[in-house]
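Just below is one structure, and these are the notes that go with it.
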Amino acid sequence: MNGSSIDIPDREKARVHWIYLVPILGVHCLACLAFMPALFSWSGLILALVTTHLFGMFGINICYHRLLTHRSLSMPLWLEHCCATIALCSLEDTPVRWVATHRLHHVHSDDVADPHSPNDGIFWSHAGWLFREFPNRRTLAFYDRYARDILADPYYRYLERRPMNALNVYLLQFLPFGAAGFLVGYCLEGNVSKAFMLAASWMVWGVLVRTVLVWHQTWSVNSLSHLFGYRTYATGENSRNNWLVALIAAGEGWHNNHHHDPVSASVQHRWWEFDLTYYCICSLSWLGLASDIVLPRHIRKAHDRTVPRTVAEIMAVDDSLSRGHVSG
Ligand SMILES: [Zn+2]
Ligand SMILES: [Zn+2]
């Protein structure tokens, strides 16, 4: 697909995107509080590692990426919204903006309109692209083109109309983390000041450190998985299968497999390409909490199942549905 005027970035007009730069730098700086001995706790460290996987996998991998962007599965709406709220707790943009940006990446992978191609430098692809504001990617026309189905949901539309609420969700999560730390600390130590210190430790490790780790997980897929690793498929861009990114991002590093078959709920094409996120989706299905799971292309072909196979096709189907050209 050729880039249209709303896809192509106008780099001449790109200004510093303070609304992203300040929180991202701020959270990185505050997360350094974890190096203070008084704020270290083994329970905080374990909390950070566990929540990094949980928030990254349910919020970003399953909800934002495989469900909302690629429609690889369905969930009950209440659970989908819960997972989207978990994604907001990772401060990775609203659902509409995340989905629109990621679909733009798939449609224009590694060409001039790709929002985060390493062709523009590894730092740019990792995080630098977030610090530049491209007005043509903050318009209703852009969201309408790339995320019309997401905008149709009242909850996601509400978040888009009041983006400060996304920030409020992020800030509110300090309360349960702090309260849980205080309760556990008080039960174990019977001492209010020690309970406060554990509460502070859990807020630093469970929220701030975890946010930084989830960010770099996601960003590594955009940067490292388009630079380093092997290619199983000639996909027409530079996506790679990167075992390190797959390990830290619960399967998302098998990125060449993903670009080959974006709609599949699984990116595991060989036995060693372990996709933890897919097994989590299978567990949800076993519990009756996930359905319409799209299997890999070779299995779909064997069963003669047809589903939209590219982001452009998903957008085209959505477009024709919303205009009433297709029924059922
Ligand atoms: Zn990619
Ligand atoms: Zn994708």
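Restricting to region 156-198, name every residue that is open to solvent by 60 Å² or more (accessible area, probe 1.4 Å) and hydroxyl-bearing (Ser, Thr, Tyr). Those that are open to solvent by 60 Å² or more (accessible area, probe 1.4 Å) and hydroxyl-bearing (Ser, Thr, Tyr): 158, 186, 193. Regarding residue 137, is this residue within 16 Å of ligand 1 (Cβ to nearest atom), touching a residue at least 12 places away in the same chain (Cβ under 8 Å), among the basic types (Lys, Arg) and on the phi < 0 side of the Ramachandran plot? So residue 137 fails the test. Sort out which residues of region 92-114 are open to solvent by less than 10 Å² (accessible area, probe 1.4 Å) and either among the hydrophobic types (A, V, I, L, M, F, W, C) or under 15 Å from the mean Cα position of the chain (by Cα) (or both), and write them in order of number. 94, 95, 96, 99, 100, 103, 104, 105, 113, listed by residue number.
Tell me, which residue of region 260-279 that is open to solvent by less than 20 Å² (accessible area, probe 1.4 Å) and not β-branched (Val, Ile, Thr) is nearest to ligand 1 (Cβ to nearest atom)?
Here the residue is 262.
When you check residue 264 against the structure, is it more than 14 Å from ligand 2 (Cβ to nearest atom) and touching a residue at least 60 places away in the same chain (Cβ under 8 Å), yes or no? Here the answer is no, as residue 264 does not meet what is asked. The set of residues in region 69-91 being of a type in the set (Val, Ile, Thr) and either within 16 Å of ligand 1 (Cβ to nearest atom) or open to solvent by less than 20 Å² (accessible area, probe 1.4 Å) (or both) consists of 69 alone.
Filter region 200-228 down to the residues that are of a type in the set (Gly, Ala, Ser) and within 16 Å of ligand 2 (Cβ to nearest atom), then identify the one that is farthest from residue 33 (Cα to Cα).
It comes out as 225.
Just to be sure before I move on: is residue 186 touching a residue at least 12 places away in the same chain (Cβ under 8 Å) and among the aromatic types (Phe, Trp, Tyr) in the structure I sent? So residue 186 fails the test. For region 190-300, which helices (runs of 4 or more DSSP H) that fit wholly inside it have 2 or more residues that are under 22 Å from residue 68 (Cα atoms) and over 20 Å from the mean Cα position of the chain (by Cα)? Per the criteria, 276-286.
The values are calculated or read from the model by the stated rules, or taken from the named source; none is laboratory data. Computed from a prediction, not measured in an experiment: that's the story for all the values here. Using ideal geometry, Cβ is built from the backbone for each residue, glycine included, and neighbour counts are taken over all protein chains shown. We work out accessible area using only protein heavy atoms, side chains counted, and drop any ligands, DNA or RNA first. Shrake-Rupley method; radii C 1.70, N 1.55, O 1.52, S 1.80 Å.
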